């Protein structure tokens with residue numbers, strides 16, 4: 001059986017995008033093309049998704065699309081590895097000027113009790129004429145690389161987290177958010193508020209559009225500024241978060 005026929009059998013097993021939940025509505029833009037949608041959350045039993053790429057330029061573009069497993073270290077750096085568990089079709093194609101291309105992705109790994117996370121990687125490639133007629137000498141060509149998140153939810157989501165290792169050293173507040181649940185944590189804003197012994201607010205910091213993948217731990221750091229003293233630090237992961245806002249008694253002076 002050829003690779004193409006194997007792909008055809010994979011996609012035939014999944015109806016296209018029925019029951020697909022979009023984590024982020026709208027399009028994402030990268031270079032000369034747009035991608036819609038920009039995030040996928042697959043809810044069991046759904047295991048496949050469809051995205052549309054639109055060429056925004058007046059010239060044809062060549063793209064390569066692949067699927068990779070996605071994890072992160074505690075500093076939030078993205079770690080991408082080869083993943084046979086996600087299949088993309090087609091992987092190589094040319095979109096004519098102002099044209100569109102539909103790409104399908106299927107997750108073929110068994111359903112897990114913990115959310116599975118992947119990234120769809122889209123890379124543009126040099127025009128065929130640039131390869132065939134390349135002249136000798138140095139050439140500089142700017143290429144783009146764009147990724148989309150794919151979350152495959154477990155059958156029974158159980159969100160849970162904790163805040164740990166809260167400390168202030170040399171005027172820098174650090175703490176960790178550990179995801180103890182089986183789905184990713186995400187929020188519009190993670191905030192830290194400091195108050196002095198009298199209850200007066202002395203600083204407020206925040207991180208927008210934060211996330212921590214299932215089973216992982218992220219460390220956050222905030223410079224508290226100059227001449228700042230606080231007695232209580234309140235850390236909030238956002239509305240509806242588990243746990244809710246927590247207050248810590250930490251001496252923070254500079």
Report summary line: Selection from segment 226-254 of residues assigned to a loop (DSSP other than H, G, I, E, B), in contact with a strand residue (DSSP E or B) (Cβ under 6 Å, 6 or more places away or on another chain) and more than 25 Å from residue 150 (Cβ to Cβ) yields 228, 245
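Could you list, in sequence order, all residues of segment 183-211 that are touching a residue at least 40 places away in the same chain (Cβ under 8 Å) and more than 30 Å from residue 153 (Cα to Cα)?
Let us first name the residues in segment 183-211 that are touching a residue at least 40 places away in the same chain (Cβ under 8 Å), namely 183-185, 187-194.
The answer is 193, 194.
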**Report entry** Whichever residue in segment 171-182 is without any contact (Cβ under 8 Å) to a residue 60 or more places away in the chain and either exposed (fewer than 13 other Cβ atoms within 10 Å of the Cβ) or within 25 Å of the chain's Cα centre (by Cα) (or both) and, among such residues, is nearest to residue 113 (Cα to Cα)
**Finding:** 180
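Do we have any residue at all in segment 226-234 that's under 29 Å from the mean Cα position of the chain (by Cα), surrounded by 14 or more Cβ atoms within 10 Å (Cβ to Cβ) and at pLDDT 85 or above?
Scanning segment 226-234 turns up at least one residue that is under 29 Å from the mean Cα position of the chain (by Cα), surrounded by 14 or more Cβ atoms within 10 Å (Cβ to Cβ) and at pLDDT 85 or above.
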Query raised in the report: If you take the residues in segment 77-92 that are surrounded by fewer than 14 Cβ atoms within 10 Å (Cβ to Cβ) and outside any loop (DSSP other than H, G, I, E, B), which one is modelled with the lowest pLDDT?
Result: 82
Query raised in the report: If we keep just the residues of segment 23-51 that are outside any strand (DSSP E or B) and closer than 20 Å to residue 97 by Cβ, which is modelled with the highest pLDDT?
Result: 32
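The values are calculated or read from the model by the stated rules, or taken from the named source; none is laboratory data. These numbers were taken from a predicted model, which means no experiment stands behind them. A quick note on method: Cβ atoms are made from the backbone with ideal geometry, for glycine too, and the neighbour counts reach across all protein chains shown.
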